[in-house]
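No lab work stands behind these numbers, since they all come straight from the coordinates. Keep in mind that this is a model prediction, so the values were computed, not measured. Here Cβ is always computed from backbone atoms with ideal geometry, including for glycine, and neighbour counts include all displayed protein chains.
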Amino acid sequence: MLVDSHCHLNYKGLAEQQGEVLERARARGVTAMLNIATRESEWDDVLAAAEANEDVWASVGIHPHDADNHPDIDTAKLVARAAHLRVIGIGETGLDYYYDKSDRQRQQDSFRRHIHASQQTGLPIIVHTRDAEADTLALLGEEMARNPFTGVIHCFTASDDFARQALDLGLYISISGIVTFKNAAELQATARWLPQERLLIETDSPFLAPVPHRGKTGEPAFVADTLAYLAELRGADRQELADATSANFYALFSKAAP
């Protein structure tokens, strides 16, 4: 068992050869993939891939980059689409102050609406955060105190302290191919100690292809390379880590559990 907990099968680079991409992933032992939505125009395509493939699941959400363009996406819309049998998560959502492609207040409002959808549906929230650690933690903590929910910090690149506080909130942390990069020493240090029972692995494909594929279009098959690197980094048995991260995926995204 090996799960890619976050990929974008409908993005350019993968969509044109989606069937072949899925077959290459299966050939490397990938048994499940979570296909992530980032804007409303993607929802139908993301769902279509999940409907057509038993090993593909879907999320619905609006990326913080697109918060300005989706003022009409409220909690009710998210909840309604999340009722689909193949939708197992809410997001990706969150805060991105690095690019600031959307107004920060609108990002926060959108993030909060997604959390409310998670609280109402019981589906986990998929969190993107970049250069916004304090506000991300403050908003998550406030909403968690009001009404507990589950979720994952995807493509983790934040600080060690952020990781500890996210874990204290009960969240999972997902490691991408970035951990294999030579300039990722801080992330590697965090990845060594993250508790195995809260760890997920992802590709975020078509982005962030891990070594030895760096510079290529990322795809779900490459989650096996990230797993291999992470197992060596942590001094863990590769199969044990694959089984553990897969079990964690189904514990968090319980709607997909066999």
Computed helical MRE - 222 nm, the chain, DSSP H runs ≥ 4 contributing -39500 (n - 2.57), nearest 500:
-12500 deg cm²/dmol
Ratio of region 1-43's C-alpha Rg to 2.2 N^0.38 Å, to two decimals?
1.18
Quick one: among H116, H84, H65, which has the greatest mean-square fluctuation in a GNM of the chain with alpha-carbon springs under 10 angstrom?
H84
Taking every pair of alpha-carbon atoms in region 105-145, what share in percent sits in each 5 Å bin, from 0 to the bin with the longest distance?
6, 22, 36, 27, 9, 2
Average projection area in nm² (convex hull over Cα atoms of region 31-180, one quarter of hull surface):
8.7 nm²
Residue span H84 to R192: 0.36 nm per residue of separation minus Cα-Cα distance leaves a gain in nm of 35.2 nm
Filter the DSSP H helices in the chain by two things, a Kyte-Doolittle mean of at least 0.0 and an axial alpha-carbon span of 15 angstrom or more, and list the hits by number.
223-234
Going by average Cβ neighbours within 10 Å, how do the peptides 36-47, 96-107, 224-235 rank, with the highest at the top?
36-47, 224-235, 96-107
When the chain is fully extended, how far beyond the present Cα-Cα distance does E51 get from D68, taking 0.36 nm per residue of separation?
3.2 nm
Say we join alpha carbon atoms closer than 10 Å with springs in a Gaussian network model of the chain; which of G215, G141, G29 then has the biggest fluctuation?
G215
Farthest towards the positive end of the dipole of region 30-185, among A166, H114, V46 and with Cβ unit charges of +1 on Lys and Arg and -1 on Asp and Glu, lies the Cα of A166
16 Å cut-off, amide nitrogen to a point 7 angstrom out along F181 Cα→Cβ, residues in region 194-219:
202-219
Relative to the compact-globule estimate 2.2 N^0.38 Å (N residues), the Cα gyration radius of region 134-226 stands at a ratio of 1.15
